[in-house]
1. How many times 2.2 N^0.38 Å is the alpha carbon radius of gyration of region 262-322?
2. What is the diffusion coefficient of region 416-515 in µm²/s, taking the Kirkwood radius over Cα pairs and the Stokes-Einstein relation at 25 °C with a viscosity of 0.890 mPa s?
3. Evaluated at 37 °C with a viscosity of 0.692 mPa s, what Stokes-Einstein diffusion coefficient in µm²/s does region 127-206 have when Rh comes from the Kirkwood expression over alpha-carbon pairs?
4. Over region 167-284, average the accessible area per residue using a 1.4 Å probe and give it in Å², no decimals.
5. Per-residue HN-Hα couplings for region 177-194, Karplus 6.51 cos²θ - 1.76 cosθ + 1.60 at θ = phi - 60°, whole Hz, x for Gly and Pro?
6. Taking amide H atoms as placed 1.01 Å from N in the peptide plane, list the residues 5 or more away in sequence, or in a different chain, whose amide H sits under 5 Å from that of HIS237.
7. How big is region 441-586 by the Kirkwood estimate over distinct Cα pairs, in Å?
8. Tell me, what is the percent relative contact order of region 226-376, built from C-alpha pairs under 8 Å that lie six or more residues apart?
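The values are calculated or read from the model by the stated rules, or taken from the named source; none is laboratory data. In this text, all values refer to a predicted model and were calculated from it rather than measured experimentally. Positions of Cβ are generated from backbone atoms using ideal geometry, with glycine treated the same way; all protein chains shown enter the neighbour counts. The protein model used for the area step is the full one, side chains on, heavy atoms only, and it has no ligands, DNA or RNA in it. Shrake-Rupley method; radii C 1.70, N 1.55, O 1.52, S 1.80 Å.
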Amino acid sequence: MKSLQRITKSTVRLSVEALLVGVLVACGGSKDDSSSSSPPPPAAGTPTPGAPAPNAPVIVAKPDASRFLAQATFGANDAEIASVGTMGYSAWITAQFNKPLPATSHRSYIEQMAAYYDGNDGDLSSANFQESYWAKAVTGDDVLRQRATFALSQIFVISTADASLAEHTQGVASYYDMLAQHTFGNYRDLLEAVTLHPMMGIYLTSLRNQKEDVATGRVPDENYAREIMQLFSIGLHELNNDGSYRTGTPLETYDTADIQGLAKVFTGWSWYAGPNLASRTSRRFLGNDPHAERDWRPMQSYAAYHSVSEKKFLNVTIPAASTPDGPGDLKIALDALFNHPNVGPFIGKQLIQRMVTSNPSPAYVGRVAAAFNNNGAGVRGDMKAVFQAVLMDPEARTYNPASTRFGKVREPVLRLANLLRAFKATSESERYTNIGDTDNATSSLSQTPMKSPTVFNFFRPGFTPPNSAAAAAGLVAPELQLANEVSVAGYLNYIRTWIAPANRDIQLDFTAELALANDPAALVDRVNLLLMAGQMSSAVRTQIIAAVAGRALPASDATAIANARRDRVSIAVMLTMASPDYLIQK
């Protein structure tokens, strides 16, 4: 492996500049670059590249299928490329929508681990959730749901970086299960499930939120009221359906009075205490009488702690009442948020950014928002229609290599997932124990699922690297908020540990690649298909082929030949994953 070590040490030095400079150029470009605009949608009846012609057999070319899978899943592999190729995009999406939830949920896995630890929940940690997360990401056949759920988890954020959640491993697992359950349901139901989940209640402090008290000066906690508007539904500014500002000057969607009024709605909600209303005592509201299911059951309303005063927000008034009605007030509030015209473009654009491109055109956003507003059958908030619109939009399905405005930086977690799926990773223990937390920038990925540093996710949707080509072009590159000299080097060194042979629980299967090791061009082309949808530039392809060929194959010694062939595969994969061509998903 000395050959690979020499190459990767050089790669680490060169790729720091490649990521921080070359990637910005790939995401940026000049404003007056005639190739910088997203390609216009094809005229009616014009086949999308890679899609079947009208009345022709449904066949999708392998590079087009791989590109689609990079957007719709955690990464392409031979099986899914073949599936998309024979089924076509729409049929494949429909089949994915119809796949049932996995038989083993994340929460049930955590329960199994608790039994393994002889019932001692104190032995559980976020690493146990990571085991379950990666097992499903790598081996699950509901690949669209897994990818879409991850996208939702970056909008409806809770985080084990918060010490108050770190001890609730089962609860965090159940929160992710809840997102998966509602991924292809209706947004209104998703919003309510998020609101009432006790882990969200802990994270954004709506659990045990009490009504105002004039005598003591106590006011309701405003945290969740603010974030459900700012992050989970309507955003900060009034929008047109295409995501542009409704007025020339940004107009705020809500003010302090709206937050204060809505905060009263979220009073009186606390731990699940069973179906008997009489059992909802002060002790249970305060959390001093644990219920076995309270970490994952929806929060319950405790009338004694719910505000009965008038509640005004977003042009809605809930009159003062003599009898507390927490569930009724919640329904009015969530219905108002759900029906706000901002939700379609605000949520839709973020899903486009998470799955397809950082800088979608207004027309693209408008088409996704229209699907949110009406799924074609008069239903608002149908998430199947939204994800279908995100993935099947002409801008998503058209590959234009000349564009400097289309595409997104692959976030670190997705790069690892690409690698594990492409090369059929298996776990000897079936627990995927080699991964764990991956947020260390020096030695890992700077990113761990469900462990973002703040409620604003690992990176903000509107982040632009300062003093960059992207900034000069008026573009955003959210994922680059994680990129710096330390994280780039850490990523490259971390990926090298996965590619190099090692005695570990999780192993990659390079059988197909080893069969091509005598032919560097064929080997690089296969890696190009699996990881980059055939988008590797000719210059990079030539360089990687030369590097692979530079590892000479010995003449006769069988062990030496086998080691050299393995080195060739490692070099091809490593240099591909280090290249700016790979780091930009187009």
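1. So the Cα radius of gyration is 1.27 times the expected 2.2 N^0.38 Å.
2. Rounded to a whole number, D works out at 158 µm²/s.
3. 253 µm²/s
4. That works out to 40 Å² per residue.
5. Ordered by residue, 3J(HN,Hα) equals 4, 4, 4, 4, 4, 9, 4, 9, x, 9, 4, 4, 5, 4, 4, 5, 5, 4 Hz.
6. THR253
7. 17.3 Å
8. 30 percent
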